[in-house]
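What follows is a single structure, written as structure tokens, with notes after it.
The values are calculated or read from the model by the stated rules, or taken from the named source; none is laboratory data. Just so it is clear, the structure is predicted and the values come from calculations on it, not from any experiment. Glycine also receives a Cβ, built like all others from the backbone with ideal geometry; neighbour counts cover every protein chain displayed. Quick note on the areas: whole protein, heavy atoms, side chains included, nothing else; ligands and nucleic acids left out. Shrake-Rupley method; radii C 1.70, N 1.55, O 1.52, S 1.80 Å.
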Amino acid sequence: MPIAVDIDVMLAKRKMSVGELADRVGITPANLAVLKNGRAKAVRFTTLAALCEVLECQPGDLLRWEPGDTADG
């Protein structure tokens, strides 16, 4: 997928666990894992906004486009 998810990077910078982030954002750890591992097909803006609020970052800190990787999986 051409969109890479960098939630792990922000978690490390904030010294926060996946469980803590999921709890503070209000989603299940399983759904956060799907998003974090790049297996999600979509993300709601409300979820993205909550992630940004909790991690004190911008959407571009969590998502980036990787040119040339166009496989749909």
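Could you provide, to the nearest whole Å², the per residue accessible area of the chain with probe 1.4 Å?
Numbers: 4850 Å² over 73 residues.
In whole numbers, the chain has 66 Å² accessible per residue.
Hand me the trypsin sites (Lys or Arg not before Pro) from the chain located in a DSSP loop with no more than 12 other Cβ atoms within 10 Å, in residue order please. If you can, show how the numbers build up before the last one.
Values: sites: LYS13, ARG14, LYS15, ARG24, LYS36, ARG39, LYS41, ARG44, ARG64; in loops: LYS15, ARG39, LYS41, ARG44.
Answer in residue order: LYS15, ARG39, LYS41, ARG44.
Quick one: what are the phi-derived ³J(HN,Hα) couplings along the stretch 26-42, Karplus 6.51/-1.76/1.60 with θ = phi - 60°, whole Hz, x for glycine and proline?
Whole-Hz 3J(HN,Hα) from phi for the stretch 26-42: x, 10, 6, x, 5, 5, 5, 4, 4, 5, 4, 8, x, 8, 6, 8, 7.
Per the 1.4 Å probe, what fraction of the accessible area of the chain, in percent, lies on carbon and sulfur atoms?
The nonpolar share, carbon plus sulfur, comes to 55 percent.
Per residue of the stretch 3-8, what does 6.51 cos²θ - 1.76 cosθ + 1.60 with θ = phi - 60° give for ³J(HN,Hα)? Whole Hz please, x for Gly and Pro, Karplus curve as stated.
Per-residue couplings from phi come out as 9, 9, 10, 10, 4, 4 Hz.
When a/c is below 1.5 the answer is rounded, else prolate if a/b is larger than b/c, else oblate, so apply that to the stretch 1-71 with a ≥ b ≥ c taken from the square roots of the Cα gyration tensor eigenvalues. It would help to have the intermediate numbers written out before the result.
Values: a/c = 1.77, a/b = 1.52, b/c = 1.16.
Because a/c hits 1.5 or more and a/b exceeds b/c, the stretch 1-71 counts as prolate.
Under the Karplus relation 6.51 cos²θ - 1.76 cosθ + 1.60, θ = phi - 60°, what is the ordered set of whole-Hz ³J(HN,Hα) values for the stretch 16-24, x standing for Gly and Pro?
Computed from phi, the couplings for the stretch 16-24 are 10, 8, 4, x, 5, 4, 4, 4, 6 Hz.
Check which residues have an amide H placed less than 5 Å from ASP6's amide H, if you skip close sequence neighbours.
It is LEU63, ARG64, by chain and number.
Assuming R0 = 25 Å, can you tell me the calculated FRET efficiency for the pair GLU56 and ALA4, based on Cβ-Cβ distance, to the nearest 0.05?
Values: r = 20 Å, r/R0 = 0.82.
Taking R0 as 25 Å, the efficiency between GLU56 and ALA4 is 0.75.
Sum -39500 (n - 2.57) across every DSSP H segment of at least 4 residues in the chain, then divide by the residue count to get the 222 nm mean residue ellipticity, nearest 500. Walk me through the numbers on the way to the answer.
Working: 5 runs with 39 residues, N = 73.
Counting only the DSSP helices, I get -14000 deg cm²/dmol.
Remind me, relative contact order of the chain in percent, using alpha carbon pairs under 8 angstrom and six or more residues apart?
Values: 66 pairs, mean separation 40.0, N = 73.
Relative contact order for the chain comes out at 55 percent.
Just to verify a number: FRET efficiency for PHE45 and LYS15, C-beta to C-beta distance, R0 = 30 Å, to 0.05?
On the way: r = 27 Å, r/R0 = 0.88.
Computed FRET efficiency for PHE45 and LYS15 comes out at 0.70.
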